[in-house]
Amino acid sequence: MLPFTRPTIDEATIAAVGEVLRSGWITSGPQVKAFEAELSDYFGQRPVRVFNSGTCTMEIALRIAGIGAGDEVITTPLSWVATANVILETGARPVFADIDLATRNIDLEKVERAVTKATRAVLPVDLSGLPVDRTRLYQLAASHHLRVVEDAAQSFGSLWQGRLIGSIGDLVSISFHANKNITSIEGGCLVMNDDAEARLAEQYRLQGVVRSGRDGMDVDLVGGKYNLTDVAACVGRAQLKQFRAFRERRLALARMYFEAFAAYRQRLYGLGLPVADFENTNWHMFQVVLNEAQLRAPRAEIMAAMEARGIMTGVHYPAIHLFTLYRRLGWKEGDFPNAEYVGRNTLTLPLFPGMKDDDVGRVVEALVATLAEFAR
Ligand SMILES: Cc1ncc(COP(=O)(O)O)c(C=O)c1O
């Protein structure tokens, strides 16, 4: 069975974890400090702090930006639900703007139209690693005096006009969850603008605590328990060393997918392929969109048929506004038709550095056979 993703953990990483476990310091300590310094180098010396998820990084970014009750934050309805949940956590109101069908990212024209007097920030997502247009995004933010919290959970290593995502922009949140392009098992980092923001991030990360001198301690805001362990940071550091090789392998596999699909052009029943971008995206995922009008079975049956052929597929993601929690807050079917369509029909195909070249052909052949089986 071919999974849709699998982390690549080498023996050197396992040995390094053993050393940390034997060192006597296993929670946040020297590994966390070193990981932060290496990430800061990677992001052009911007301040970086690491946390135990890419969810709390976004919530903390919103808090650093001063977002709270009465504020509106514009975001996409097609993302992992964390993206909208963190807005609710701060007491602010998420305002969804529908996606563009080609990129599957938030449509910036619709963002512009969603701005009101209460809008304080935009929270865009680089779905599957394909970056939202940063030039237009920051023009829009500047013209309406908005903060930007980039949910770059999936776009570590992606570029915008030759510059790394995270090395530019306002507050940039990245996830190191096990499925991401580099992992610390669970974890994330926040790239910030200055030391004052980094100090606030440290407070929000650990109970609002500020230390001074040898024994001084004060608390002047409500923080949480979001620190990363040294064991996790050690895994993250080992992954960072291998990142270039991971990136190249993902790009090569994505190219193979396009070549394999091109050979079956006449037999795809309207299947939507991702944007063929080899300049900007890190190819976090290879996602296709089924054409429901040309198939006589819903996605779940297509997934089951793929599994029967030895291929696991994933769903990233159902539209957020149709979850019960969000329906209770007033959203309904028909509000964001593009996100709803993609949410119903998107399918994540296997893509991870450990995949073999042959696996790509196997996946595409299985999908072509499955589409033929369920074609109208
Ligand atoms: C787009 C997006 N946003 C946010 C997150 C949250 O990251 P984490 O799982 O590390 O909390 C994820 C990852 O799962 C994600 O894919």
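Values in this text are rule-based calculations from the coordinates and carry no lab data. A quick note: this is a predicted structure, and the numbers were derived from the prediction, not measured. Cβ atoms come from the backbone with ideal geometry, glycine included; neighbour counts cover every protein chain shown.
What nm distance separates the two modelled labels at E38 and V210, each placed 7 Å from Cα along Cα→Cβ?
3.2 nm
I need the shape label for the chain. Rule: rounded when a/c is under 1.5, else prolate if a/b > b/c, else oblate, with a, b, c from the alpha carbon gyration tensor.
Details: a/c = 2.03, a/b = 1.31, b/c = 1.55.
It is oblate, given that a/c is not under 1.5 and a/b is not larger than b/c.
What is the mean projected area of the alpha carbon convex hull for region 243-373, to one decimal in square nanometres?
Working: hull surface 36.8 nm².
If you wrap the Cα atoms of region 243-373 in a convex hull and average its projections, you get 9.2 nm².
Rounding to the nearest 10 and keeping the result within 0 to 90°, find how far the Cα-based axis of helix 30-42 lies from the longest principal axis of the chain.
The two axes meet at around 60 degrees.
Put +1 on the Cβ of every Lys and Arg and -1 on every Asp and Glu Cβ in the chain; which of L62, N181, G314 then has its Cα farthest towards the positive end of the dipole?
G314
Magnitude of the Cβ-charge dipole of region 154-260, K/R +1 and D/E -1, about the Cα centre, nearest 20 debye?
Working: 14 positive and 12 negative charges, 130 e Å.
That gives a dipole near 620 debye.
Using the beta-carbon distance between V219 and S143 and R0 = 41 Å, what value does 1/(1 + (r/R0)^6) give for FRET efficiency, to the nearest 0.05?
Working: r = 38 Å, r/R0 = 0.94.
In this case the efficiency is close to 0.60.
What is the fewest-to-most order of F374, F156 by other Cβ atoms lying within 10 Å of their Cβ? All intermediate terms of the calculation are to be shown ahead of the outcome.
Values: F374 16, F156 31.
Starting with the residue having the fewest Cβ neighbours, the order is F374, F156.
Pick out, from L130, F4, S79, the residue whose Cα sits farthest towards the positive end of the charge dipole of the chain, with +1 on the Cβ of Lys and Arg and -1 on the Cβ of Asp and Glu.
Final value for the positive-end residue is F4.
Rounded to the nearest 10 degrees, what's the angle between the helix 357-374 long axis and the longest principal axis of the chain, both from Cα atoms, 0 to 90?
The answer is roughly 60 degrees.
Once you've got the GNM for the chain with C-alpha springs shorter than 10 Å, pick whichever of D98, D151, D133 has the biggest mean-square fluctuation.
Among D98, D151, D133, the largest mean-square fluctuation in the Gaussian network model of the chain belongs to D133.
Given 20 °C and 1.002 mPa s, how large is the Stokes-Einstein diffusion coefficient of region 90-131 in µm²/s, with Rh as the Kirkwood radius over Cα pairs?
190 µm²/s
With 25 Å as the limit, write out which pairs from K110/K225; K225/K332; K180/K356; K180/K332; K117/K180 have Cα-Cα distances beyond it, or answer none.
Values: K110/K225 36 Å; K225/K332 35 Å; K180/K356 19 Å; K180/K332 31 Å; K117/K180 36 Å.
Where the Cα-Cα span goes over 25 Å, the pairs concerned are K110/K225; K225/K332; K180/K332; K117/K180.
Under a GNM of the chain (C-alpha, springs under 10 Å), which listed residue has the highest mean-square fluctuation: A84, A65, A339?
Looking only at A84, A65, A339, the biggest GNM fluctuation is shown by A65.
Separation of region 224-263 and region 82-103 by C-alpha centroid, Å?
26 Å
How charged is the neighbourhood of T183? Take every other residue with its Cβ under 12 Å from the Cβ of T183, and add Lys/Arg as +1 and Asp/Glu as -1.
Neighbourhood net charge equals +2.
What distance in nm separates the simple spin-label points at E373 and D10, each placed 7 Å from Cα in the Cβ direction?
Placing both labels 7 Å beyond Cα along the Cβ direction yields 3.8 nm.
To the nearest 20 debye, what charge dipole does region 332-376 have about its Cα centre, counting +1 at the Cβ of each Lys and Arg and -1 at the Cβ of each Asp and Glu? Don't jump to the answer; show the numbers that get you there.
Details: 5 positive and 8 negative charges, 19 e Å.
Roughly 80 debye for region 332-376.
For a footprinting-style exposure proxy, rank T324, T281, T5 by other Cβ within 10 Å, fewest first.
Numbers: T324 7, T281 27, T5 18.
Ranking T324, T281, T5 by Cβ neighbours within 10 Å, fewest first, gives T324, T5, T281.
On a 0 to 90° scale, report how tilted helix 299-308 is relative to the longest principal axis of the chain, with both axes built from alpha carbons and the result rounded to the nearest 10.
Long axis of 299-308 versus the principal axis of the chain: about 80 degrees.
Considering only DSSP beta bridges where both residues belong to the chain, give the percentage that are antiparallel (nearest 5).
Working: 23 of 39 bridges.
Percent antiparallel among DSSP bridges in the chain is about 60.
Can you pull the one-decimal nm distance between simple spin-label points at D358 and F278, each 7 Å off the Cα toward Cβ?
Spacing of the two 7 Å Cα→Cβ label points: 2.5 nm.
For K33, go through the aspartates and glutamates and keep the ones whose alpha-carbon is under 20 Å away, minus same-chain ones fewer than eight residues off.
Cross-link targets: E19, D41, E186, D194, D195, E197, E202, D230.
Taking the Cα centre of region 11-237 as origin and charging only Cβ (+1 Lys, Arg; -1 Asp, Glu), how large is the dipole, in debye to the nearest 20?
Details: 22 positive and 28 negative charges, 21 e Å.
Using only the charged Cβ atoms, the result is roughly 100 debye.
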